[in-house]
Amino acid sequence: MRLGSRLALLLLLFTQICASTGSRPRLEDSPPRIVEDPSDLIVSKGEPATLNCKAEGRPMPTVEWYKDGEHVETDKDDPRSHRMLLPSGSLFFLRIVHGRRSKPDEGVYTCVARNYLGVTVSRNASLEVASKCLFH
């Protein structure tokens, strides 16, 4: 994700939070921060995979995932999804989906954590599908 699009995403998320909360901060509350960023992965087609993300803050931040700048649909959005948002904030793939024409899981992912005090975005992590090499 380019720096400009990442900044635009942050600004959009920040304005949504500001507009949706009329609460005043409490002294013990703190904005979210990413304490574990996702790492690049190379995974075989059909295999499970996990992109880790852990955030802290008070109140505990909610976590969402974006792939190539677009919101990632998980089991929270569609119970039939092969992607699950774990309680820790990590993104678990039951199986990596990859075909000749469709590569819905391959891309650049970011984790976004938010609470009423702010928004933070993880570093980018690439998920690549390993190609089969044939040796003769």
Problem - Backbone N within segment 61-99 under 15 Å of label point (7 Å from Arg26 Cα along the Cβ vector) - result: 61
Handout entry: Calculated Rg and Dmax of segment 84-136 using C-alpha coordinates, Å
Key = 15.4, 58
Problem - Residue-wise HN-Hα coupling along segment 91-98, computed from phi with Karplus coefficients 6.51, -1.76, 1.60 (Hz; x: Gly, Pro) - result: 9, 10, 9, 4, 7, 7, 9, 7
Exercise for the section: Could you compute the FRET efficiency for Ser39 and Asp68, with r as their C-beta to C-beta distance and R0 at 22 Å, rounded to 0.05? Expected result: 0.80
Fill in the blank from the handout: A correct Karplus calculation of ³J(HN,Hα) over segment 103-114, with 6.51 cos²θ - 1.76 cosθ + 1.60, θ = phi - 60°, whole Hz and x for Gly and Pro, returns 10, x, 9, 6, x, 10, 10, 9, 9, 10, 10, 8
Exercise for the section: Can you tell me the equivalent ellipsoid semi-axes for segment 30-96? Use √(5λ) from the Cα gyration tensor, largest first, whole Å. Expected result: 22, 14, 10
Practice task
Determine which aspartates and glutamates satisfy two conditions relative to Lys54: a Cα distance under 14 Å, and not lying fewer than 8 residues away in the same chain.
Solution key: Glu36, Asp37, Glu64
Handout entry: Distant-in-sequence amide H partners of Ser30 (H built 1.01 Å from N, under 5 Å)
Key = Arg58
Handout entry: Integer Hz, Karplus 6.51/-1.76/1.60 couplings in order for segment 53-62, x for Gly and Pro
Key = 7, 9, 10, 10, x, 9, x, 3, x, 8
Practice task
Give the calculated FRET efficiency between Ser88 and Arg58 to the nearest 0.05, with a Förster radius of 22 Å applied to their Cβ-Cβ distance.
Solution key: 0.85
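Every number in this text was worked out from the coordinates using simple rules, so none of it is lab data. None of the values given here were measured: they were computed from a predicted structure. Every residue, glycine among them, receives a Cβ derived from its backbone with ideal geometry; neighbour counts consider all protein chains shown.
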